1. Between residue 433 and residue 39, what FRET efficiency comes out of the Förster formula 1/(1 + (r/R0)^6) with R0 = 60 Å and r the beta carbon distance, rounded to 0.05?
2. Let me have the relative contact order for region 38-101, percent, based on Cα pairs under 8 Å that are six or more residues apart.
3. Assuming 0.36 nm per residue, please report the length gained on full extension of the stretch residue 176 to residue 48 beyond their Cα-Cα distance.
4. Need one number: nm distance between label points at residue 142 and residue 14, each 7 Å from Cα along Cα→Cβ, rounded to one decimal.
5. Could you tell me the extents of region 232-321's C-alpha atoms along the three principal axes, largest first, rounded to whole Å?
6. If the label point is 7 Å along Cα→Cβ of residue 265, which residues in region 192-209 have backbone nitrogen under 20 Å from it?
7. Return the Rg/Rh value of the chain, two decimal places, where both radii are evaluated on C-alpha atoms and Rh is the Kirkwood radius.
8. Pull out the extension gain between residue 229 and residue 154, defined as 0.36 nm times the separation in residues minus the alpha carbon to alpha carbon distance; nm, one decimal.
């Protein structure tokens with residue numbers, strides 16, 4: 001496990017911060033951050049992060065090759081190595097801001113293409129960067145306009161093992177370039193209108209497709225996808241109105257237009273009403289969509305899965321209602337019911353010329369109840385809290401409970417602050433059993449409970465040093481996440497046992 005670090009701005013940093021962490025699976029993480037505010041209204045923050053790990057090496061007893069009696073790397077272990085570095089920047093001058101991020105990542109695989117256990121010659125290489133220039137314009141006291149231009153780039157260059165003696169190299173580049181303008185107009189102290197327009201152009205190109213018996217000397221092969229271009233614009237309007245001191249209404253709508261599959265209109269509405277002091281009702285309804293990805297539209301020259309250029313976007317209708325209560329000081333409790341209906345689901349369908357194809361098939365209904373509560377201590381125990389979250393969920397597709405979705409999930413957390421310097425936490429995750437897909441004769445995947453513990457020391461040694469030490473899966477519970485039947489995978493994915501991660505940070 002790797003610690004999650006929240007990115008700080010120039011004001012928060014005000015100098016140089018460095019950190020290092022080490023943990024199980026030969027995991028190591030190093031980070032350096034620098035930030036400064038200048039006298040001429042300029043500011044800058046830079047962050048560099050490096051992570052390297054050997055991964056969990058989950059045992060894999062058999063794959064689709066060994067099940068047929070063919071040469072195979074199984075039994076063996078997954079190759080979940082990962083090396084990653086990323087650079088973030090946030091530069092500002094008066095009302096202008098330039099921010100972005102670059103990520104380079106090299107990883108192994110849990111289970112490769114065609115349900116084959118891959119060896120160390122498998123490589124997955126990814127590059128991703130994002131760049132955005134924005135400015136806020138204060139036109140008058142009641143009117144603010146935000147403008148931004150952005151460019152997003154993603155590339156993939158992967159070597160997969162199709163059999164122990166056959167390899168494939170596949171890659172592509174995706175770019176997304178565009179801009180957005182948004183206006184916020186305050187009609188009154190109780191009502192604000194928000195409207196905007198966005199435009200983006202997406203492109204996929206620089207395709208790589210090679211095959212051969214030696215991953216270092218592969219030959220050209222027909223590409224498994226196609227070069228594509230998509231243009232998309234959208235316009236939206238939202239009204240946020242407080243007709244009463246204890247009531248907020250929100251009404252809005254958005255229209256999006258794509259050159260490759262047409263337009264979609266999505267309204268939304270909701271309210272938050274404090275019926276009596278410390279007790280509020282909330283309600284929201286809205287629709288949304290998911291546009292088909294380039295790979296879903298154009299996947300080709302593949303014996304196992306083919307794309308579909310006539311796909312339509314998935315459509316989602318969501319309803320949510322609940323109550324928020326503060327029955328006593330420092331205690332918050334919340335109960336929420338949600339219901340989502342997804343139509344024109346993009347998924348694998350049969351029959352088709354390949355083993356399966358991508359198509360719009362059927363609908364899915366997901367509903368559930370989420371219960372949350374948290375109590376924050378005060379006085380000498382300020383900084384300590386206990387919290388609980390419990391979700392009961394049900395997802396139905398084709399009149400059957402959806403597979404691989406746990407029936408319930410519970411999170412229990414306790415954070416104890418010994419003083420202003422030292423604190424500890426305990427976390428318990430309880431996950432219910434998950435069902436199999438129709439036709440899968442294996443039994444349900446058992447549920448499990450995991451316990452994590454942590455210790456944190458802040459502002460040590462003249463307030464220049466922070467330290468932490470975390471233990472995950474304290475009781476070394478052996479547990480599994482479900483594998484799909486179509487992967488010809490024996491058993492399920494074994495997840496990591498007890499793991500450790502320690503972290504030290506210094507401020508200069």
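1. Numbers: r = 61 Å, r/R0 = 1.02.
Taking R0 as 60 Å, the efficiency between residue 39 and residue 433 is 0.45.
2. Numbers: 98 pairs, mean separation 26.7, N = 64.
Relative CO of region 38-101 lands at 42 percent.
3. On the way: separation 128, 0.36 × 128 = 46.08 nm, distance 2.42 nm.
Going from the current span to full extension adds 43.7 nm.
4. 3.9 nm
5. Dimensions of region 232-321 along the principal axes of its Cα atoms: 63, 27, 12 Å.
6. 194-198
7. Working: Rg = 25.9 Å, Rh = 26.9 Å.
Rg divided by Rh gives 0.96.
8. Details: separation 75, 0.36 × 75 = 27.00 nm, distance 1.47 nm.
That works out to 25.5 nm of additional length.
None of the figures in this text is laboratory data; all of them are computed from the coordinates on show. The model shown is predicted, which means the values in this text are computed figures rather than measured ones. Ideal geometry is used to build each Cβ from the backbone, glycine not excepted, and the neighbour counts take in all protein chains shown.
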